[in-house]
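Let me begin by presenting the structure, written as structure tokens, before commenting on it.
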Amino acid sequence: SCPRPHCVLCVCTGASWPGASTFGSYGGLTCVLAEKLDRPSVWEAYRQRRVYATTGARIGLDVATDDGVPMGSVIDGAGDSDLPTFRVDVQGTAPVERVEFRNGTEVIEVQRPWGPGDLGDRVKLLWRGATVRGRGRQVTWDGRVRVPRNRIIDFVPINFHNIEKCCLRAGTNELAWESITTGGVAGVITTLARPRHGIMTVETPQGRFRVDLARLGPRGRRWDLGGLGQRLTVYRLPPPDGPRDFSFVFRPRPDQLHAGDNPLYVHVVQEDGHMAWSSPVYLVR
């Protein structure tokens, strides 16, 4: 399904489990879009920035303009009337939750393979971030979630990589866990008997948080907790077994761009916590 049918997706490095409880991230992958699976072609792809990264899952990702300009390229002198249209193709390893189109650090478009009417009985709770750069950056998130006067039918832990740290049922309406993050993300997906009834309460060393389930949607609630991207989020999901392959086209508006370099790239988020980032197409205005 690649729009450039002669390219080879070469997965080069990464994909390893953390070796100790002080490390909280699975090893990522460097991926190369090369014409052939040989040394000169791979090196040329690196030189042209036709590369992307994942958190370890073998996600297929291709981003190119409608006239075939691939990720990593530079488009110079684009005016308001000739802004390119981008085609994004994702082949996931788990259901795709959302795809963000970004200009630098700014999210300028979010695409989902489902709509608000598809939301079901699952609520996703995520925690992420680090304390500092370098060693000793882990954040402790040991905690619990309760849904009084409700029932947790099922739950799926996300990114509990350390065998000595786990998420367990503490009652019909309560879960407890031990977890750390070192810059990545971890969490749990709960399936609730009454997904829009009552208050969900989350307790961690960072504080106590309350969520009104009746008002919770796909964007959910978010608390920024300092450090390097320390954050807690809660939001609703559609039923499981959603689409793993997702394609769309997007054309940025002039007001979403600025003078100089505009690094336009894609961030893919899967339901299981794995992610991917494309190399930018640099649009110079």
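Summary of values
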| read-out | value |
| --- | --- |
| Strands (runs of 3 or more DSSP E) enclosed by region 24-115 - at least 2 residues per element that are open to solvent by 50 Å² or more (accessible area, probe 1.4 Å) and touching a strand residue (DSSP E or B) at 6+ places or on another chain (Cβ under 6 Å) | 74-76, 86-91, 106-111 |
| Any chance PRO240 is on the phi < 0 side of the Ramachandran plot and either touching a Pro at 6+ places or on another chain (Cβ under 7 Å) or surrounded by fewer than 16 Cβ atoms within 10 Å (Cβ to Cβ) (or both) | yes |
| Of residues in region 123-159 being more than 28 Å from LEU228 (Cα to Cα) and either part of a loop (DSSP other than H, G, I, E, B) or touching a Pro at 6+ places or on another chain (Cβ under 8 Å) (or both), the one least open to solvent (accessible area, probe 1.4 Å) | VAL147 |
| Some residue of region 238-250 being among the basic types (Lys, Arg) and part of a loop (DSSP other than H, G, I, E, B) | yes |
| Qualifying residues in region 218-228 (those that are among the hydrophobic types (A, V, I, L, M, F, W, C) and in a strand (DSSP E or B)) - the one modelled with the highest pLDDT | TRP223 |
| Search result, residues across region 165-179 that are polar (S, T, N, Q), closer than 20 Å to ARG194 by Cα and either within 24 Å of the chain's Cα centre (by Cα) or exposed (fewer than 14 other Cβ atoms within 10 Å of the Cβ) (or both) | THR172 |
| Region 183-217, residues that are part of a loop (DSSP other than H, G, I, E, B) and either buried (at least 18 other Cβ atoms within 10 Å of the Cβ) or at positive phi (or both) | GLY183, GLY184, PRO195, GLY198, GLN206, LEU216 |
| Condition met for ARG222 (under 17 Å from the mean Cα position of the chain (by Cα) and without any contact (Cβ under 8 Å) to a residue 60 or more places away in the chain) | yes |
| Pick from region 166-182, criterion among the small types (Gly, Ala, Ser) and assigned to a strand (DSSP E or B), ranking: nearest to VAL123 (Cα to Cα) | ALA176 |
| Any hit, region 62-84, residues being under 23 Å from the mean Cα position of the chain (by Cα) and closer than 24 Å to PRO238 by Cα | no |
| Residue check for ARG149: basic (Lys, Arg) and within 30 Å of ASP212 (Cβ to Cβ) | yes |
| Filter pass, ASN162 being assigned to a loop (DSSP other than H, G, I, E, B) and either crowded, with 21+ Cβ neighbours inside 10 Å or in contact with a helix residue (DSSP H, G or I) (Cβ under 9 Å, 6 or more places away or on another chain) (or both) | no |
| Residues located in region 132-155, provided they are in contact (Cβ under 8 Å) with a residue 60 or more places away in the chain and under 20 Å from the mean Cα position of the chain (by Cα) | GLN138, VAL139, TRP141 |
| Residues being without any contact (Cβ under 8 Å) to a residue 40 or more places away in the chain, among the hydroxyl-bearing types (Ser, Thr, Tyr) and more than 16 Å from VAL69 (Cα to Cα) - total across region 30-58 | 2 |
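The values are calculated or read from the model by the stated rules, or taken from the named source; none is laboratory data. Predicted model, so just to flag it, every value in this text is computed and none were measured. Please note: Cβ atoms are built from the backbone with ideal geometry, for glycine as well, and neighbour counts cover all protein chains shown. In case anyone asks, the SASA skips ligands and DNA or RNA and just uses the protein heavy atoms, side chains included. Shrake-Rupley method; radii C 1.70, N 1.55, O 1.52, S 1.80 Å.
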